[in-house]
Amino acid sequence: MTVKWVKKQKNVFWPSKELKQRAWISDKAIYKKAAKNPIAFWARLAEEGISWYKKWKKTYVEKLPYFKWFVGGKLNACYNAVDRHITTWRRNKAAIIWEPEVGEKNRVLTYYDLYREVNKLSNALNSLGVKKGDVVGIYLPLIPEAQISMLACARIGAIHNVVFSAFSPEALRYRLKETEAKVLITCDGYYRRGEIINLKKQADEGLKDTKIEKVVVVKRAGNEINWINGRDFWWHELTKNAESYCKPEIMDSEDILFILFTSGTTGFPKGILHSTGGYLIQAYWTAKWDFDLHDEDIHWCTSDLGWITGHTYVCYGPLLNGATMLIYEGAPDFPQPDRWCEIIEKYGVTVFYTAPTAIRMFLKFDSRLVKKHDLSSLRILATVGEPINKEAWLWYFNEVGQARCPIIDTWWQTETGGTLINALPGIGPFIPTVAGRSFPGTRHEVLDEEGNVLPPGKEGNLVQLSPFAPGMLRGIYKDPEKYFEIYWKKYGNKYFTSDGAWKDKQGNFRLTGRVDDVMKVAGHRIATAELEDVITRHRAVAECAVVAMPHDIKGEVPVAFVILKEKQSEGLEKELIKEVEKNIGPIARPSKVIFVEDLPKTRSSKIIRRILKNLLIDQPVGDITTLANPESVERIKAILKK
Ligand code: PRX
């Protein structure tokens, strides 16, 4: 497809005629129409996009801090993602194409294959005693069994809690304990950079002191594992003789579909709750419109299923649309840096959705590596998870997309369930570092600390206005106080995103990063408090403060300032880093541990992390006269200089 960009200003791209012609949405009047009556707008989308067993009585009910969508409506998520397609020509259409890291044959699951597998696992889970409303833990690498597990849970009305396979056993234990899951689905091992990771060993460790009674184990890598008869069950044995049909449970629109833990400002991750009806509707329509998803597309979102991006765009969104999606188990640059390009070329990927960190990583390599491959199948390029810098945006646009594909920079959060702010392919504009407009039927504003709406160009806090998008969280698992405190306390009737932003006169938002103590490390969300909690538990540590330092590729990396109880012993930095890996996982590893004697504090003993951050990046620290210990600043400066 040739694209003639309509350019009115430098680096502001508007869709070509071809893009507009193909797009599901190309008339910007949709924004106005939706805004006139957002509730009616979503009701129409709910009717068109999803099959209901019973229609809802009330479209939207709001009693803040809670709200409900499609009240009284009955449906099943798995039925919508799988069963609907097997009565159409899509029965033998590829649903999931799985690419292994090296050496093995790929796997292709058609919708009919997926249907069979999901039904069998649903019955197997039933036979293990899983019932509607129970929580099932899923600790799997990126293999089709992960999606099958999620869908089987949805089919029988169980709530899935996916735990990223690179999270540590401690992180798994925390989640299993919180949710009181009785069944865990995991595998023997998986490949990462050519090595087998023994996931079962990690799972065995993580489920100690939890309520897990049964473990379903996928045979993936064939490595040796420990086995406890009566507790552990091979997936293939359980499903071999299982009945081939399991009737989908009739679920209420507001029944919880899944819990997904994410980092907040406290030391422990919180369980975000997502509903069935509202979530699915946002997943369906955002997948369709943002990526302009058509039947002939090959959709590749590189996220792991352990993140919200994986839930919505590597499982529910594309499957609800009957799309074909690709998943790749391995590392992006293994065995060589152009592995992802090779995969795009091999399968003719048309929609590619990844994080700015990955783009920056590729940008670092020789552009010839990209040019070596035929990437002409690409139609839509998209990003998520962190702000994208102009250089990365332009490189993605020019080198990967060969200036043919729009860049869809999608802003959203674990809490929002689906994308909320981005340009639509047939409408635009596509501007480096600018995400775009609120998705039709939703509204966002930028406010100052007092809650006044800020004019275009002024930076402030991003909020969402009522009616809240259908896919928004329905609470924090077992913690209504936190739910209120984090999202609603600050602005009352507006959802506080904890992100900074400003908007232009046309209503396009530019996101400027988190305004709380949450970091985005390679697009992964990590709270400084989580790291501090782990580090201060070490016997040698008296106090610790973690701050995010800008990083060329990862966006941000954690740096820990530590006060010791005793003299520094050799190897302590490594030991502390190891503790973080053990308790959270390698993604949270501090890039540096700096030992100091004092930390800048207010008179009420609050550590001022802003000062530490400014010292790290060599910026002025501002007024320090109100500190209890202003002399600490010079001392830290001297240590950093060294
Ligand atoms: O700070 C924003 C950033 O990621 C945060 C949400 O992280 P998480 O819950 O892990 O979900 C990430 C995937 C949806 C947001 O509060 N963020 C996400 N997308 C963007 C972004 N920042 C700037 N631009 C984006 N496109």
- Summarise the accessible area of the chain (1.4 Å probe, protein heavy atoms) by the percent that is carbon and sulfur. 50 percent
- If you build the Cα gyration tensor of the range 1-79 and take the root of 5 times each eigenvalue, what three semi-axes come out, in whole angstrom, biggest first? 36, 17, 11
- Sorted by accessible area (1.4 Å probe), largest first, how do 27, 232 line up? 27, 232
- Message: Can you give me the long-range amide H partners of residue 595? Hydrogens built in the peptide plane at 1.01 Å from N, cutoff under 5 Å, separation of 5 or more residues or another chain.
- Response: 562
- the range 453-556: trypsin sites (Lys or Arg not before Pro) falling in loop per DSSP and having at most 15 other Cβ within 10 Å: 458, 478, 489, 505, 537, 539
- Would you tell me the accessible area of residue 295, worked out with a 1.4 angstrom probe on the heavy atoms of the protein chains, in Å² to the nearest 10? 50 Å²
- Note down the Stokes-Einstein diffusion coefficient of the range 536-642 in µm²/s, whole number, using a Kirkwood radius over alpha carbon pairs, 4 °C, and 1.567 mPa s. 89 µm²/s
- Keeping to pairs on different chains or 8 or more places apart, tell me how many lysine pairs in the range 522-641 have Cα atoms under 16 Å apart. 11
- Message: Quick check: from the Cα gyration tensor, does the range 124-281 come out rounded (a/c under 1.5), prolate or oblate?
- Response: oblate
- Task: For the range 165-172, take each phi angle, set θ = phi - 60°, evaluate the Karplus expression 6.51 cos²θ - 1.76 cosθ + 1.60, and give the result in whole Hz per residue in order, putting x for glycine and proline.
- Result: 5, 8, 6, 6, x, 5, 5, 5
- Message: With a 1.4 Å probe and all protein chains left in place, how much accessible area per residue does the chain have, in Å²?
- Response: 40 Å²
- Task: Determine how large the accessible area of residue 414 is when every protein chain is in place; take a 1.4 Å probe and give Å² rounded to the nearest 10.
- Result: 20 Å²
- Note on the structure: Most packed first (mean Cβ within 10 Å per residue), the peptides 339-349, 284-294, 65-75 order as 284-294, 65-75, 339-349
- Message: Given the -39500 (n - 2.57) contribution per DSSP H run of 4+ residues, what per-residue ellipticity at 222 nm results for the chain, rounded to the nearest 500 deg cm²/dmol?
- Response: -8000 deg cm²/dmol
- Where 17, 200 fall by accessible area, highest first, once all protein chains stay in place (1.4 Å): 17, 200
- Item | Solvent-accessible area of residue 88 with every protein chain in place, 1.4 Å probe, in Å² to the nearest 10 | 50 Å²
- Message: Please compute, for the alpha-carbon atoms of the chain, the extent along each of the three principal axes and give them in descending order in Å.
- Response: 73, 66, 56
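The values are calculated or read from the model by the stated rules, or taken from the named source; none is laboratory data. Fair warning: this is a prediction, and the values are worked out from it, not measured in the lab. In this analysis, Cβ positions are derived from the backbone assuming ideal geometry, glycine residues included, and neighbour counts consider all displayed protein chains. Areas reflect the complete protein model, heavy atoms only, side chains present, ligands, DNA and RNA absent. Shrake-Rupley method; radii C 1.70, N 1.55, O 1.52, S 1.80 Å.
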